[in-house]
Every structure is written in C-alpha cells, then in structure tokens.
1. Determine the pairs where a residue that is free of Cβ contacts under 8 Å to residues at least 60 places away in the same chain and assigned to a loop (DSSP other than H, G, I, E, B), located within region 121-138, has a partner that is buried (at least 16 other Cβ atoms within 10 Å of the Cβ) and hydroxyl-bearing (Ser, Thr, Tyr) with Cβ atoms under 8 Å apart, the partner being 6 or more residues away or on another chain.
2. Can you pull out every residue in region 316-351 that is part of a helix (DSSP H, G or I), surrounded by 13 or more Cβ atoms within 10 Å (Cβ to Cβ) and over 25 Å from the mean Cα position of the chain (by Cα)?
3. Is one or more of the residues making up region 37-46 within 26 Å of Ala423 (Cα to Cα), surrounded by fewer than 19 Cβ atoms within 10 Å (Cβ to Cβ) and out of contact with any strand residue (DSSP E or B) (no Cβ under 9 Å at 6 or more places or on another chain)?
4. Determine which member of the set Lys176, Lys167 is free of Cβ contacts under 8 Å to residues at least 12 places away in the same chain, more than 29 Å from Pro277 (Cβ to Cβ), out of contact with any Cys (no Cβ under 9 Å at 6 or more places or on another chain) and outside any loop (DSSP other than H, G, I, E, B).
5. Taking interchain pairs and intrachain pairs at least six residues apart, which have beta carbon atoms under 9 angstrom, with the first residue in region 219-243 and in the same structural domain as Leu255 (by TED's automatic domain parsing) and the second among the basic types (Lys, Arg) and in a loop (DSSP other than H, G, I, E, B)?
6. State whether the residues of region 112-119 include one that is among the hydrophobic types (A, V, I, L, M, F, W, C), in contact with a Cys (Cβ under 6 Å, 6 or more places away or on another chain) and modelled with pLDDT of 95 or more.
7. Among the numbered conditions (1) outside any helix (DSSP H, G or I); (2) not assigned by TED's automatic domain parsing to the domain that holds Leu174, tell me where Thr393 comes up short.
8. Looking only at region 223-255, count how many residues are of a type in the set (Lys, Arg) and either more than 18 Å from Ser209 (Cβ to Cβ) or surrounded by fewer than 19 Cβ atoms within 10 Å (Cβ to Cβ) (or both).
Amino acid sequence: MNTKKLYPLNEQFVHYLWLTQAFSKEMLLCDTGETVCIYNQGFENHNSGPDFGAAKIKIGDMVWNGNVEIHTRSSDWRRHRHHEDQAYDSVILHVVWAHDQQVTRTDGTVVPTIELKKRVSHNTLLNYRNLINKSGDIACSDQLPDLDKMILFNLLDRMAINKLQDKVGAIEGLLKLSKNNWEETAFLLLCNNLGFKVNSAPFSLLGRSIPYNLLRKYRSNLFQVEALLFGAAGFLDDYLNDPYHTRLRTEHHFLVKKHGYDTVLEKTQWKFHRLRPANFPTIRIAQLASIIHHNHNLFSLLLNTNNFRELQQPFSYPPSSYWLSHYNFGKPSKKVNSTLGKAGLENIIINTLSPLVFTYGQRTENKRFCEKAVNLLQGIPAENNRIIRKWNTHLGSPCKTAFDSQALIFLYNNYCINKKCLACDIGKTLLKK
C-alpha cells in the first residue's frame, strides 16, 4: 500500500489509532522482535507526562502495567528530550506511525516500540486525509447531511454541557471575589454580560468598582442607584447644561464623600461608535440601575424561575423617565427604546442566568438546578450569528434552541477551527466509513 500520498499525518491521528485500537494486531511485533499483546490500551492523560496511563500489555513473556507514549516518528522521543526525563521512565510501550530510531529511558534501557503505518486500512487513511486536508472551517460540512442524526444529537448534548462547564470556571472566580456571596456574584456576572462584546471590559470594571453592599443600601431609590452607577462609570465627571445630569453629579459627589469610594472608570473607556442607540452604554447602565432597583434578591429570583416568560417582567422594567427621552446625557430624542428587549434578555439568559444556575447546581450537587439551566436554554430560540449561520448552511435544517446553538458554537471554537476532527464523534464516525 502506497501511503506517501496520504501525508501529512500527525500525532493526533496516531493518538486516535491507539485510543480506538483501529489497526491490525495480527502478528504484532515491537522493534526488539518480541510479540505484543494489548490487554488494555490505558486511559488518556490530559495533563503533563505520557499520553496514556494504566495500560496493560504483554511484551514477549512478560505482562507490563504502565504508561504509553504516542509519537508520529520514534525520533520524536529524543527530540522532545524524553530520554532525559524520569517522568517517561514508566513508559512500557512507544507507539509511532513510523519507526526510525530506537529509544531509551534515562537509565539507558530500551523502550519497546511498535509501528502502525502498515497496519491501518487504506479507507481509514483516505477518510482521514479527506477530513484533515479539507478547506473551510468545518471539515465535515459536505458529509453532514448524510450523518446519522442520533450521532449529531448525542454530540450536541455533550457539547452544550461542555459549554456550560466552560463558564463555571469564570463564575467560580467571581464567587471567590465576592467571598461566596451568590447575590453579589449574580450582579458581577450581569455586569460582565450587559456590555455584550463591545463594552464588556468597562462593564466588568464597573461591577467591581462599586461596593455591592452600597448598591443594596440604596437600591430602593432608583435615582441614587443611577448616581452611583453613572458616577462610577465616569459619566458625571464633566459639566453639562442638563438639569438631570447636574442632579446626578451632585448626588454622586455626596455619596462619594459620605462613603469614601473612588471612581475607577473614565467616560472615554466606553464605546458608542457603530452601536445602535438602544445599545449605548448609557442605556445599558440605566437598564442595570432599573434591574437592581426592582429586584432586591436577583439570585434568589433566578433559582425560583423556570422559563423565559417568568424572567421577562423582572428584567423588563423601564429605567427612569429621563431615559425614555434620551440615549445620552444632554441629547434629547423623540423615539427612545430604552427597555431591555427580547433579544437582550435572551442574551442574558444564555450568558448569565443559565450558567449561574448551572454552577449553583454543581456547587450544591443538586441536579435539579443543572436541569433548570438546560431548560432555560432549551426554552429560547437559537442565536443568529456568523458561526450558527455557517452550521445552518450545512446541517440541512437550522438549529432551533439556544441549547443547540451554544453546543455548535463550542464545537466550532474548540474542535472545528483547530482541526480536532479525531477528538469529535462526527470525525470518528466518518473515519470508520
């Protein structure tokens, strides 16, 4: 079999072959001439050290328990300096595509090596080449319409949960920052996401710049909450010929003097360019003030909410009357849409509420809240962005819920664009065709 035209092969492919045992084991010999019998290929190691651990392999007359290392060529062993690293002395078998050099441990003993390049079917190699050399972001795009839908559904279920898991780490960081105060964590996470992509950084700073207990102290007074937020955001540092701005500025100075906290941001840190007026940071801050004012226990509310409809009212209260006729300070407008719309609330559910409830479910080991987080995503429409439009073009039918779109975004960002087809169930299925 001529395999030269089927390159480039990489270590990921050899890793896949060993993990799935997708190679012939008939008359399997290592480079020392001894027979090799694989009882257990071991478990993948995602940390530093050998690629597989706890393998059980018979080499010659001896049964070994230990680690397995994977390379494209056996000379990679020395190139990676494993012969000088005692962490690799526990390797009982070296698995390579092409054997071009005998390898040793730190004490000079030989590590048995098996070569796979003549033990893999021609179809497997062709399918691998078709995937890995495919142009475009989604290598399997032309084969998706013929894929068993159950494989896709099962994969998306796992990817959506992985996407939620991916957000747990960031929320754990906010919990640590708030000393395990779930209400404050809910506020900080809401701040992180209200700015969406364009103003996420200054919104995140805004959430951290005001003592949360101070907002709770004044949350019954919407004007004072606005003074605290707009002042901390840097919008009240200058003088404008605007009575409401002047009142807010005076109130903010009073609160700063009374409680002794510093303004962290400057107005120049906020971006207005190319944003629709309804997405201006001033409108988003006014909406945040309204959410704080009307929801005294935001996190507790989330735990007792089951669907999108129940969340609409708590997040749809209008801001103060000033923002019903302004998008920015000192600039009146005739038609102002200053309430958080359906799309904005859906975005908050996806990026704030569902991940927060999921994290709480994991922290408390209560599956009911993890299921609630999933139900929230399944209860709203799929996102409509560049990545989802790519998938919809190839899937044959568009994904319907945010649970599906979150799964496809995670799959695209973590597998497709990095060509990790062999770690994906779709890629593994296509290799077996």
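The values are calculated or read from the model by the stated rules, or taken from the named source; none is laboratory data. Everything numeric here is computed off the predicted structure, so don't read it as measured data. Heads up, the Cβs are rebuilt from the backbone with ideal geometry, glycines too, and the neighbour counts pull from every protein chain shown.
1. Going by the 8 Å Cβ cut-off, the qualifying pairs are Lys134/Ser141.
2. Once the filter is applied, which keeps residues that are part of a helix (DSSP H, G or I), surrounded by 13 or more Cβ atoms within 10 Å (Cβ to Cβ) and over 25 Å from the mean Cα position of the chain (by Cα), region 316-351 yields Tyr322, Trp323, Leu324.
3. Within region 37-46, one or more residues are within 26 Å of Ala423 (Cα to Cα), surrounded by fewer than 19 Cβ atoms within 10 Å (Cβ to Cβ) and out of contact with any strand residue (DSSP E or B) (no Cβ under 9 Å at 6 or more places or on another chain).
4. Every option except Lys176 fails the conditions.
5. Val225/Arg219
6. Yes, the conditions are met somewhere in region 112-119.
7. Failed condition: (1).
8. Counting residues in region 223-255 that are of a type in the set (Lys, Arg) and either more than 18 Å from Ser209 (Cβ to Cβ) or surrounded by fewer than 19 Cβ atoms within 10 Å (Cβ to Cβ) (or both) gives 1.
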